[in-house]
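Some notes on the structure that comes next.
What follows is calculated from the coordinates using simple rules that are stated; it is not laboratory data. Quick caveat: nothing in here was measured; it's all calculated off a predicted structure. Glycine also receives a Cβ, built like all others from the backbone with ideal geometry; neighbour counts cover every protein chain displayed.
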Amino acid sequence: MNAEPTDVLKDEASLQVDQDGNLKHLLTLKGIDKSLLIDILDDAETYLTEPGALPARSRALAGHTVANLFYEPSTRTRASFDLAGKRLGADVLNLDVNTSSRKKGESILDTIYTLEAMQVDVMVVRDASAGVPAYIARHVQPHVSILNAGESDVSHPTQGLLDVLTIRQHKGAFEDLTVAIVGDIRHSRVAMSATHALSTLGVGELRLISPPALAPDADNVPGATIVDNLADGLAGADVVMALRIQRERIGNLDGIPGIDEYFANFGVSTESIKLASPDAIVMHPGPMNRGIEIEGTVADGPRSVITQQVTNGVAVRMAVLDRVTRTTDTGQ
Ligand code: CP
């Protein structure tokens, strides 16, 4: 990347709302107002239809153009933003980053300015470098929205939204819940955004379970309990979320258990899940590595809400797209 986001200074939480508190960009769930968070979840509910029914559609984004810029692999997030934009009537451009001019040395900002010149007004960005979504948001025209679709190990806000929506659908209020997230917490943007959202919603207890080499810095997860023993972490939990090991972000694998040892000690399995509450739900953001962080029979079993998370992902992204374009439309 060329001269890029070293100047991420402005607070992301304030950058993403306008002077009236309306969502303009979605960069992080850290510091987002509880009322705004709940409003987005409520909006997302309106985009859900009964199983077997046709998906919800509207023309809310007619005339708008959404570009997906994914500089890291994705199945769920990219496909769901694509569907969300189309189901709201937008033109959707899926930029093939492998054949884009960034490969020829074009800076990310020159790519953004090029898309702006084509009247793209929502850009959905996934990037391996921390700070990229906020950096772009600080440089685009006032009518353009930037949505963070996964930023290094820092943030994945729409994933956090779909995760708390799924929990709310099954468990209702958050205050009395014990949520256990198990896996590679240290390198997980999913864990970070879930932590931000759950903290804002007042979750009763949040346990982050991992081997020590994959544990987060305590400063990054205030209010959470860091646990290095699966049995202690899962005991009585109402929600269990398994995370894969983010090997693409780990330079040195020293201290990280091998696959068999990892599954035996930190895998969410038919045996270990018995430690959780009898009505505990099992979540996973995907992509799953069956037999490593989660046993296939658990992923496919009656407690699993993993496919519901995927369905909710489209609804959440529709809600966010609708909300940011309403903000930019009225701001012009
Ligand atoms: N959960 C998630 O971000 O999945 P993808 O990498 O497939 O988008």
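Taken over the range 63-119, the residue count meeting the criterion of being of a type in the set (A, V, I, L, M) and touching a Leu at 6+ places or on another chain (Cβ under 6 Å) is 6. Taking the range 132-143 as the range and being surrounded by fewer than 24 Cβ atoms within 10 Å (Cβ to Cβ) and in contact with a His (Cβ under 9 Å, 6 or more places away or on another chain) as the test, only 140 passes. Each residue in the range 46-82 was checked for being more than 13 Å from the ligand (Cβ to nearest atom) and closer than 24 Å to residue 328 by Cβ, and 15 pass. Within the range 248-296, restricting attention to residues that are over 23 Å from residue 171 (Cα atoms) and among the β-branched types (Val, Ile, Thr), which residue is surrounded by the fewest Cβ atoms within 10 Å (Cβ to Cβ)? Selected residue: 259. Of the residues that sit in the range 300-318 and are aliphatic (A, V, I, L, M) and surrounded by fewer than 23 Cβ atoms within 10 Å (Cβ to Cβ), which one is farthest from the ligand (Cβ to nearest atom)? Once the filter is applied, the top-ranked residue is 305.
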